[in-house]
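Structure first, commentary second.
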Amino acid sequence: MYTYSITFSCISPQGSALIYLKGPKFLIYVSGALSMWGDRMWHFAISVFLIELYGRNLLLTAVFGLVVAGSVLLLGALIGDWVDRNPRNRVAHASLFIQNISVTVCSVVLMLVFLYKQRIEAIWDGWLTVVCYTVVIVLADVANLASTALTIAIQRDWIVVITGYNRGHLAGMNATMRRIDQVTNILAPLAVGQVMTLASNVVGCGFILGWNLVSLIVEFFFLSRVYRIVPALSVKPPVEEEERVYQQRIERRMSQGNVTQPQPLTEGACNTSLKEITNLPLCFRRFRWLVSTCKEGWKAYYRQPVFLAGMGLAFLYTTVLGFDCITTGYAYTQGISGSLLSLLMGVSAITGLMGTVMFTRLRKTYGLVNTGIISSCIHLGCLLLCVCSVFAPGSPMDLSLLMPYITSNSSSEGGSNQPLLPDRSSIHWTNNTVLFENVPSGTVPESYISIILLFLGVITARIGLWSFDLTVTQLLQENICESERGVVNGVQSSMNYLMDLLHFIMVISAPQPQHFGILVIISVLFITTGHTMYFLYAHKTLKALYFLCIPNTKSNE
């Protein structure tokens, strides 16, 4: 060790920089940046393409969102189980290949549809168009599933191994990856949006196609190199045999008092059970295995010591208090221009980066669990401004809408309730947000106090939000055993998408600007519930540490 220190001290700054550039951390950062940039461009562009194809109607976009959320919700555990059961390099390469090839083929289909749309609509009485739309949505969904698998593999597993399970280094890599994500979330949609605006949708498809092909080669090379220079990545716990898994399930059920000790199988009983299994068609046997895998994945998620923390993070997805089309569309109805909204989105990105910096400092000073508590308090404290905005001057909130008879009468009056996203011919697309030129007359409120409080709360809350997100992410990384890391994170992704679906259902139930105040209050209630779950987890963890009398909680940091 002493010799290594002397040798390292003799290395020049240029040599140290060269070693870092060839090291696994930098290669993971570059690979992650390329992947995130491509994902952000694609998610932004596919929404625009689907609206353009369907005559500026949101139907295809809504169907795409429903398919994506539903597929991850149903297949999240299976994706995680696949990540656990296969070698790390095979998982990363397969996910990367499927994701980029799916986007490439989908881009080719979109280019053909844009170029020959009228001819395609004339074939098969228009049914070829439906086939093309279906192919586009399916390919985009496959790409999203592959992206989910790649995220679980790299950001939930590879990073933990690369850092050598060092908590400080792990926190630094998590924060850096999140900063990269925040920057690409702003710049990538702007880049592809400029290409689509200055050129055409066909050129935009070609740009995304070329990016994915180049990104596939670079990411494949970088991930392969990381796998070679970090030997620990090639070591993975072997998959348990079916008999051992079955025995563990029996022992678990016995410990819970659900079943009695299984009796030895007689020859007749054994032949009967084998006959029942082999008589099942292959498709039914595979379906039975898939259902069993999903069931065991959800059980594994529930058994984790960080279950409440993960659930708390999932509850934060049921909210309208973010920079999506819902909140920005509401801001438009309140007289906020598109240019100002773009500026506010940039400020929110800066506060998000501040949250990642705060996370690293709080974790180093107070520990990981206490960092989550502090971040939760900051998040909730800032969101109180959003609650105040509901009752502040200028708020369109009308409590009489809670009464059905008054609601039906008031809705019949012309001009009282304007649509949240009115149909306009001039549409600008910025970071998954619909912004409109020229605020229409009649939408300017009497006071801007309400909308100022709303965005002040949303922007400042991102500091605590991203710090809390990083806290729970690292808790999942540290406390989940390596053999279940993939399936548990797959179920966590399913929970996130489930709660996100609830937030869209909530908006569909109350779509008018006058309802937005109710949505804000419900969102804060969901967020409060999520943080309460984390507080329960933190109380339980800190209490256990206190009774165990651990002398130094920072020994591993």
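Annotation for the stretch 177-242: GluC sites (Glu not before Pro) lying in DSSP loop with at most 15 further Cβ atoms inside 10 Å of their Cβ are Glu240, Glu241.
Given a 1.4 Å probe and every protein chain left where it sits, what share in percent of the accessible area of the stretch 15-233 is carbon and sulfur? Reported share for carbon and sulfur atoms: 70 percent. Over all orientations, the stretch 62-181 has a Cα convex hull whose mean projected area works out to 9.3 square nanometres. Each label was represented as a point 7 Å from its Cα along the Cα-to-Cβ direction; for Arg85 and Asn166 these points are 3.6 nm apart.
Per-peptide packing, taken as the mean over residues of other Cβ atoms within 10 Å, places 463-475, 108-120 in the sequence 463-475, 108-120 from highest down. Each part reduced to its alpha carbon centroid, the stretch 75-154 and the stretch 479-511 end up 21 Å apart. Classify the stretch 15-233: rounded, prolate or oblate, from the alpha-carbon gyration tensor (a ≥ b ≥ c, eigenvalue square roots; a/c under 1.5 rounded; otherwise prolate if a/b is larger than b/c)? Verdict is prolate for the stretch 15-233.
For the ranges 300-308, 151-159, what's the packing order if you count other beta-carbon atoms within 10 Å of each residue, average per peptide, and put the highest first?
Numbers: 300-308: 17.9, 151-159: 23.8.
Ranking the peptides 300-308, 151-159 by packing returns 151-159, 300-308.
Determine, from the Cβ-Cβ distance of Ile123 and Lys543 and an R0 of 60 Å, the FRET efficiency 1/(1 + (r/R0)^6), rounded to the nearest 0.05. After rounding to 0.05, the efficiency reads 0.30.
Accessible area per residue for the stretch 15-233 is 42 Å², calculated with a 1.4 Å probe on protein heavy atoms, without ligands, DNA or RNA. Rounded to the nearest 0.05, the FRET efficiency derived from the C-beta distance between Ser483 and Val291 at R0 = 25 Å is 0.75. In terms of the mean number of neighbouring beta-carbon atoms within 10 Å, the peptides 347-353, 450-456 order highest first as 450-456, 347-353. With the simple spin-label model, which puts each label point 7 Å out from Cα in the Cβ direction, the Leu187 to Cys377 separation comes to 3.6 nm.
The values are calculated or read from the model by the stated rules, or taken from the named source; none is laboratory data. Note that this is a predicted model, so its numbers are computed, not measured. As a convention, Cβ positions derive from the backbone with ideal geometry for all residues, glycine included, and neighbour counts pool all protein chains shown. To get the accessible areas, we keep the full protein, side chains included, count just its heavy atoms, and leave off ligands, DNA and RNA. Shrake-Rupley method; radii C 1.70, N 1.55, O 1.52, S 1.80 Å.
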